[in-house]
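Let me begin by presenting the structure, written as structure tokens, before commenting on it.
The values are calculated or read from the model by the stated rules, or taken from the named source; none is laboratory data. Here the structure is a predicted model, which means the values were calculated and not measured. Heads up, the Cβs are rebuilt from the backbone with ideal geometry, glycines too, and the neighbour counts pull from every protein chain shown. When the accessible area is computed, the model is the full protein with side chains, heavy atoms only, and any ligands, DNA or RNA have been set aside. Shrake-Rupley method; radii C 1.70, N 1.55, O 1.52, S 1.80 Å.
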Amino acid sequence: MNHMNPAQILDVVVKTGQAKAGGTWKKLMLLGILAGAYIAFAGIASNTAAFNLLGEAETYGVGKVLSGTIFTGGLIMVVLAGGELFTGNTLILTAVLDKKIKLFRMIRNWIIVYIANFIGASFIAFLVNQTSLFDNGDGMLGAYTVTMAAGKVSGSFLHYLIAGLLCNWLVCLAVWISFGADSTIGKIFSMFFPIWIFVTSGFEHSIANMYFIPAGIFASADEAYVSLSGLSEDVLSQLTWGGMFLHNLIPVTLGNIIGGALCVGTAYWLSFRKWENDLQDEEKGEKVNE
């Protein structure tokens, strides 16, 4: 089993970006909804597995490790089954830098996929709320769901911007490495560790939050979960749809774009395309002068 070198991976990323930018809105919308749902499935599973550990300071770190282990399945499903995920699609910028597509095509993809991801993720949150799943652990899963969501709308703009940047740096690195693997198991392992690291570290993923925060909003309608959470009315008052966008999704999304498009896509494009071509041009010029 061979793994591509970074220059070869860049070629694949650029070609993939071209294909994604050329997708019809219907295709992008459907695959975006599916991708949002896959991330949401990973979200409910990771919370269900680790909520009791995450609720205690003594076991919080172990809980994050367990949560991260399970959450990796979300991106694995998106990449291997097929899906359009906004965070991974920030790598389309490489195709723009390579002058293979217009900036408009990238932005079009981002807007359609972002909306579709939100539909898919929040729809799963709605469906989960229609079940009795939040009653798990004598209602403590529901309480943790509310607590987690409230916590995601109570930080500063800068906190979420940076946490979003760090998150998608790792997510896009996972996607980048997976493009270099030529087997299914190779792709799975390529994605597993960067995603595990981001979740364990507590960074912020805009699409995951499209499940976590709506799930918390839906669960907060149940007084039993709110009572178990022990949250004050002031904290709960911020847990709204408007608060989700203003206090979390906007800064996290901006951070995700910077982390994926610049720290991964642009960094590797500069290293293995622009600066490498500049060096070749310099060497050609030196030969001509000789």
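Things to note:
- Carbon and sulfur %, accessible surface of the chain computed with the full protein complex present, 1.4 Å: 66 percent
- The packing ranking, built from the mean of other Cβ atoms within 10 Å per residue, places the peptides 229-241, 256-268 in the order 256-268, 229-241, highest first.
- Per-selection Kirkwood Rh - region 170-264 (Cα, Å, 1 d.p.): 15.4 Å
- In degrees, nearest ten, helix 275-289 long axis to first principal axis of the chain (Cα): 10 degrees
- Solvent-accessible area per residue, Å², over region 130-202 with all protein chains present [probe radius 1.4 Å]: 42 Å²
- Non-local lysine pairs in the chain, meaning eight or more places apart or on different chains, with alpha-carbon distances under 22 Å, amount to 20.
- Under the simplified labelling scheme, the W25-V65 pair shows an inter-label distance of 4.8 nm, with each label point 7 Å from Cα along Cα→Cβ.
- Stokes-Einstein D (µm²/s) once Rh is taken as the Kirkwood radius of region 45-106 over alpha-carbon pairs, at 37 °C in 0.692 mPa s: 232 µm²/s
- Mean projected area of the convex hull spanned by the Cα atoms of the chain, taken over all viewing directions: 17.1 nm².
- Most to least packed among 202-211, 36-45 [average Cβ atoms within 10 Å]: 202-211, 36-45
- Value at 222 nm in deg cm²/dmol, rounded to 500, when DSSP H runs of n ≥ 4 in the chain each add -39,500 (n - 2.57): -23000 deg cm²/dmol
- Highest GNM mean-square fluctuation among N47, N136, N277, for the chain modelled with Cα contacts below 10 Å: N277.
- Relative packing of peptides 69-79, 164-174 - highest average C-beta neighbours within 10 Å first: 164-174, 69-79
- Distant-in-sequence amide H partners of N136 (H built 1.01 Å from N, under 5 Å): L141, G142
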